[in-house]
Amino acid sequence: MTQPTVTYRICVVCLGNICRSPMAAVVLRHRLDKAGLAHQVTVDSAGTGSWHVGQPADPRAVATLREHGYPDNDHQARQFSADWFDTYDLILAMDSHNLADLRELAPTQAAGHSVALLRSYDEVSFASGELDVPDPYYGGAGGFRHILDHIERAADGLVEALREELRDR
Ligand code: 4NP
């Protein structure tokens, strides 16, 4: 039996694409791999801003992922471009500012509907209404551990949702 090929493309988006979204991409790929969905889903990341384009992930993000057993990966920051709404099935914003910026960038209202907040996939966060992954850039290492926790819980919920979504593809 042949394996299904990639049918679903995700892009996680923060402001700088050096802290939150590269971490979320690593966690999501890892969870998808464990769930047996890695061949069906790709995960990229980008920022709404251009300041860090071409740079690697922030060393605090790299260290936090490493401390928690995630594999290293090469990262080069990118800026999200309006024509990528055609490329991705799901665009996941890390906070409400990123969400608003992405919706503004969307060429059509329908394209804007492919954007959601990552933490909306965590039932507990959804119920609490606290849906931002806070920007850790100006804080210490503790902030990076804290956001990893949010990202991991949301990634678990997202993988469950994708299992349903992709079951018949
Ligand atoms: P990120 O964090 O959006 O999670 O990558 C930030 C990185 C850089 C800046 C702000 C947030 N900055 O102002 O340069």
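Just so it is clear, none of the values below were taken in a lab; they were calculated from the coordinates. This is a predicted model, so every value here is computed, not measured. Neighbour counts run over all protein chains shown; Cβ positions are idealised from the backbone, glycine included.
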* Structure fact -> Taking only the Cα positions of the chain, the convex hull volume per residue in Å³ is 120 Å³
* Can you tell me the FRET efficiency between residue 67 and residue 168 if r is taken as the Cβ-Cβ distance and R0 is 41 Å, rounded to the nearest 0.05? => 0.60
* Estimated distance in nm for a label pair at residue 127 and residue 83, the labels positioned 7 Å out from Cα along Cα-to-Cβ -> 4.5 nm
* On the first, second and third principal axes, largest extent first, how far apart are the outermost C-alpha atoms of segment 59-124 in Å? -> 41, 32, 20
* **Dipole moment magnitude, nearest 20 debye, the chain about Cα centre, only Lys, Arg, Asp, Glu C-beta charged** => 280 debye
* Structure fact -> Highest mean packing first, using Cβ neighbours within 10 angstrom, the peptides 98-107, 61-70, 151-160, 19-28 sort as 19-28, 151-160, 98-107, 61-70
* Within 10 Å of each residue's Cβ, count the other Cβ atoms and sort 50, 125, 45 from fewest upward. => 50, 125, 45
* Under 11 Å, Cβ to Cβ, from residue 45 - net charge with Lys/Arg +1 and Asp/Glu -1 -> +2
* Asked: If we count other beta carbons within 10 Å of each Cβ, what is the order of 7, 42, 108, fewest first?
  -> 108, 7, 42
